Amino acid sequence: MINYAMVIDTTACIGCGDCVVACKNENHVPAGLNRDWVVEETRGEYPHLYTEFRSERCNHCGHATCVTNCPTGASHYWKDTNIVLVASEKCTGCKACIAACPYDARLIMHPQGYIDKCTFCHHRLEQGLDPACVSTCPTGCMYFGIMNDPDSHVSRLLRSRIHKTLLPETGNIPNVYYLV
Amino acid sequence: MQRREFLKFSALLGAAGALPGLLGGCSAPPLPGSGEVSTRRTVCNICFWQCAATLYTENGKPWKVVGNPEDPHCNGRLCTRGTGGIASYSDPDRLKQPLIRVTRNGKQTFRPASWEEAFDTIAGKMQALAEQHGNDRIALFSHGDGGKHFQRLLQAYGSHAYARPSFAQCRGPRETAFGLTFGEGVGSPDRTDMANSRCIVLIGSHIGENLHNSQVQTLMQALDQGATLITVDPRFSVPASKSRHWLPIKPGTDIALLLAWMNILINEQLYDREYVDQYCHGFEELARHVQPYTPEWAYLETGLEPALIRETARAMARSAPATLIHPGRHVTWYGDDTQRCRAIAILNALLGSWGQPGGFYQQEKVDLPPYPAPKPPEPKHDWMAAVQGDYPLVTTGISNALIDHSVGPEAFFKGWFIYATNLTTTIPGIRRQLKQAVESLELIVVVDTMPAEITGYADVVLPECTYLERYDDLRNKAERTPTLALRSPAFPPRHNSKPAWWISRELAGRLDLGNYFPWQDYRDVLDWQLQQVGSSLEEMERIGVKAFPRKTPLYFESGKPVKFNTPSNRIELYSQHLARTGYDPLPKYTPPERPPEGYFHLNYGRAAAHTFGRTINNPLLFELMPENTIWVHPASAAKLGVGNGEYVRLKNPEGTHSHRIRVRVTQRIRPDSVFMVHGFGHTDPRQRLAHGAGADDAGLMHNVKIDPVMGGTGMRASFVTLVREEA
């Protein structure tokens, strides 16, 4: 099995939202909906402050509760990877996956009546390209690669830098990592 | 079968109200890019960084726009606005056909017209105006690539007056100050060598919110390599959040800090003595001048601890000459802006960073000959002497001065061409003059892609097509690597819009000036120029960007003398030009005015999602940031009784109210200041998304400070308070 991961360096992220716009263009995401978004978190009191920007999306979990909770099998792992996709022709729009996702990453009801979400741009991976968000990021703060290759850039970054994931306590085994 | 029926039905329910989706409801949508994909090379026009890019269409429809990896402006990565630029093509609110102002039943309105009629109307008025007042009485305001064509047109006609708001409303003080000090300006792209800097100091500059692409990229590169970032800003800006030191300075006191830094560098012998001896003029005068400005003195002005001032000065010296005191970009703040920028230039000189790796590099552009065409005749009068003679050091148009000289029957200017700039919100405090000017001017022509407030003043509105539908001149900037980049159209012009080169040529024909525009198709001009430098239009349409080898050194060469374009031929710490023209030859500090009780310093700036007001109506970018907010410190918000997310109106001491704007209560700002993103609060209902969204800062500026050296409009001396909206 191939374990894809995204690594985002919050110390370089400026919260510009380019990832959001690039995703919308690349994937024809309808107006009003997003597959990724940016969070700003400020801690401390003036003038001793810390601000973190995070580009967030589906975590393509190793143990994806959206997949296990989908009644029709529409939510599934792509090929032999951790990339979670929704087969629109099998999706009834029941929203069980939305309830099961700890990250609110599936909030999209596509106008055509199925649940839509980040695909890690699997159509680009097949062409050897990074996801659209990663390839456009003007600060170069986003990285994409294979976790089970110890020599991949993402593996090396995670070995050498302090990092975190969001809500690891859910046991979902998220695959979007944040360098802090 | 039953089960499939059920699924289909469910999908239909989910798609209530989205009729076009019904048919395809249960089949998997095709993967992006699986249709017929084609590409075209372009240069982004959403801001003025001009990144080269590739536009992708799928099945003939716009798909995406992506940075060209060969382009040093973007290195293959467009910014937020550039990525969203594709939506400017499909914006339903674009200007669609020429419009002519008419009076109907006593009420003025625009009526759609043909290009022929629009041209005849303009040409008729221009000829009458030339006969009555002379042919040098039309001024051009331009902020965009196509402006050159109208500049050529008006020069051929006889009017040379030309102003770009990017001077007197933006970079002018910096260009003037660096010119006085080093004999050259900073230019655009800025000649900052940040990728190699070991220490970077930002003074009120918020790179990262201000997304000039390779500036952002090289700043991040420097930080990745461990450079020290020092940010001086009343607000905890994005770069402040990446900084080793954030100096939350009292607004308007930057010169005090800069003088104190000079004081430390000189008195602690931390400056680059060898560099100063070799290149600089006036060190003794400077050393004497800065003696009173100790960190303890500066503390009282700036509110910054003396220890912090010393520590940061020493950090700068440790990394010198790879220390960049960033010159900023929008620097028209308090009216003493040229002097502040001079202080920045002097500080860089003391650190020896001008002409050195990690400081400022030397720029070079491609030697690209102009297409052979007759040269417009020399002007009959010196229009600069007539309208901006008070500013002898300025060699370019001062937009606010041109406007002042357009008011009243005796005014110098009788007509305006306005290309791609919404003067009403670009230039602060001119709404009254603008209304008066509109009464006295005999002709106002606006050329733009979108309707905006300024088009409301026009006699004739000419719709230009967007950058995705036209050729423009080759991008050829003085920069690190000389490069050419081509903007070629991905689509034919929508509606009845046209490119600037065509509009100007056609209008020239109506004025019997067609010989100045000897091209049928602008492709011929571009191809001829490219052939002269060993390329061709065919090649550029294929590759988009072409780099040329440098002929001059990137940095000063050690041991070799440098001749600076100043009176002393040296870097002028003490400016002889300023002394001779009666200004302070060394920067002086003037304490800024403080807000009246209950009021706050009004600070404004950029956001990553927008370029001033011009992108607010872009559907993709509007979605990302549909309104601005007013940042308020929690203590101030509590005093005012306003809560986070609540709508308020801003009021200045003259009683002017803004549109409503949401409060953002945040620790990220000084309690004596508020902050808002510029560009919102559009009042033109023809921009259906932008209309009424957020508030406009420019309309609140009651205290515009004119820079005595270069005539710029200082925009940070105004005050506002927050007024709660009655529920």
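The values are calculated or read from the model by the stated rules, or taken from the named source; none is laboratory data. Computed from a predicted model, the values in this text were never measured in an experiment. All Cβ positions, even for glycine, are placed from backbone atoms using ideal geometry, and neighbour counts span all protein chains on display.
Go through (1) out of contact with any strand residue (DSSP E or B) (no Cβ under 8 Å at 6 or more places or on another chain); (2) more than 8 Å from every other protein chain (Cβ to nearest Cβ) and name the single condition A:Pro138 misses.
(2)
Which count do you get for residues in segment B:670-684 that are outside any strand (DSSP E or B), surrounded by 24 or more Cβ atoms within 10 Å (Cβ to Cβ) and touching a His at 6+ places or on another chain (Cβ under 6 Å)?
2
For residues in segment A:154-179 being closer than 24 Å to B:Cys79 by Cβ and within 14 Å of chain B (Cβ to nearest Cβ), which is farthest from the chain's Cα centre (by Cα)?
Among them, the one singled out is A:Leu157.
Being hydroxyl-bearing (Ser, Thr, Tyr), without any contact (Cβ under 8 Å) to a residue 40 or more places away in the chain and either farther than 22 Å from B:Lys365 by Cβ or more than 10 Å from chain A (Cβ to nearest Cβ) (or both) is the requirement here; does B:Thr80 meet it?
Considered against the rule, which asks whether it is hydroxyl-bearing (Ser, Thr, Tyr), without any contact (Cβ under 8 Å) to a residue 40 or more places away in the chain and either farther than 22 Å from B:Lys365 by Cβ or more than 10 Å from chain A (Cβ to nearest Cβ) (or both), B:Thr80 comes out as no.
Can you pull out the helices (runs of 4 or more DSSP H) entirely within segment A:77-179 that have at least 2 residues that are under 16 Å from A:Asn59 (Cβ atoms)?
In segment A:77-179, A:96-100, A:132-136, A:153-160 are the helices (runs of 4 or more DSSP H) which contain 2 or more residues that are under 16 Å from A:Asn59 (Cβ atoms).
Any residue at all in segment B:90-109 that's part of a helix (DSSP H, G or I) and within 14 Å of chain A (Cβ to nearest Cβ)?
Yes, some residue in segment B:90-109 is part of a helix (DSSP H, G or I) and within 14 Å of chain A (Cβ to nearest Cβ).
Determine which member of the set B:Thr713, B:Thr721 is touching a Ser or Thr at 6+ places or on another chain (Cβ under 8 Å), in contact (Cβ under 8 Å) with a residue 24 or more places away in the chain and not hydrophobic (A, V, I, L, M, F, W, C).
Answer to the check: B:Thr713.
Within segment B:317-415, considering only helices (runs of 4 or more DSSP H) that don't extend past its boundaries, which have at least 2 residues that are under 19 Å from B:Glu572 (Cα atoms) and in contact with a Ser or Thr (Cβ under 6 Å, 6 or more places away or on another chain)?
Of the helices (runs of 4 or more DSSP H) lying wholly inside segment B:317-415, those with at least 2 residues that are under 19 Å from B:Glu572 (Cα atoms) and in contact with a Ser or Thr (Cβ under 6 Å, 6 or more places away or on another chain) span B:337-351.
Could you check B:Glu439 against (1) of a type outside the set (Val, Ile, Thr); (2) more than 26 Å from B:Asp136 (Cβ to Cβ); (3) at pLDDT below 95 and say which number it fails?
The failed condition is (2).
Here are the criteria: (1) touching a strand residue (DSSP E or B) at 6+ places or on another chain (Cβ under 7 Å); (2) at positive phi. Tell me which single one B:Gly534 does not satisfy.
(1)
State yes or no: is B:Leu265 crowded, with 18+ Cβ neighbours inside 10 Å and either touching a residue at least 12 places away in the same chain (Cβ under 8 Å) or assigned to a loop (DSSP other than H, G, I, E, B) (or both)?
The answer is yes for B:Leu265.
Condition first: surrounded by 23 or more Cβ atoms within 10 Å (Cβ to Cβ) and over 23 Å from B:Ala579 (Cα atoms). Now tell me which residues in segment B:700-718 satisfy that.
Passing the criteria: B:Leu700, B:Met701, B:Met715, B:Arg716, B:Ser718.
Looking at segment B:44-57, can you tell me whether even one residue there is within 18 Å of A:Cys121 (Cβ to Cβ) and in contact with a Ser or Thr (Cβ under 8 Å, 6 or more places away or on another chain)?
Yes, some residue in segment B:44-57 is within 18 Å of A:Cys121 (Cβ to Cβ) and in contact with a Ser or Thr (Cβ under 8 Å, 6 or more places away or on another chain).
Would you please name the residue that is farthest from B:Val723 (Cα to Cα), looking only at residues in segment B:630-658 that are small (Gly, Ala, Ser) and surrounded by fewer than 17 Cβ atoms within 10 Å (Cβ to Cβ)?
The residue in question is B:Ala635.
Can you tell me which residue in segment A:37-65 is nearest to B:Lys250 (Cα to Cα), limited to those that are of a type in the set (Gly, Ala, Ser) and within 14 Å of chain B (Cβ to nearest Cβ)?
Among them, the one singled out is A:Gly44.
Given A:Thr68, A:Thr81, which one is away from every other protein chain (no Cβ under 12 Å), more than 30 Å from B:Ala53 (Cα to Cα), without any contact (Cβ under 8 Å) to a residue 60 or more places away in the chain and polar (S, T, N, Q)?
Every option except A:Thr68 fails the conditions.
What are the residues in segment B:425-441 that are crowded, with 24+ Cβ neighbours inside 10 Å and touching a Lys or Arg at 6+ places or on another chain (Cβ under 8 Å), if any?
Passing the criteria: none in range.
Are any residues in segment B:206-228 assigned to a strand (DSSP E or B) and either surrounded by 24 or more Cβ atoms within 10 Å (Cβ to Cβ) or in contact with a Cys (Cβ under 8 Å, 6 or more places away or on another chain) (or both), and if so, which ones?
Correct list: B:Ile207, B:Thr228.
Output the residues belonging to segment B:160-184 that are in a loop (DSSP other than H, G, I, E, B) and either more than 16 Å from the chain's Cα centre (by Cα) or on the phi > 0 side of the Ramachandran plot (or both).
Across segment B:160-184, the qualifying residues are B:His160, B:Ala161, B:Gly183, B:Glu184.
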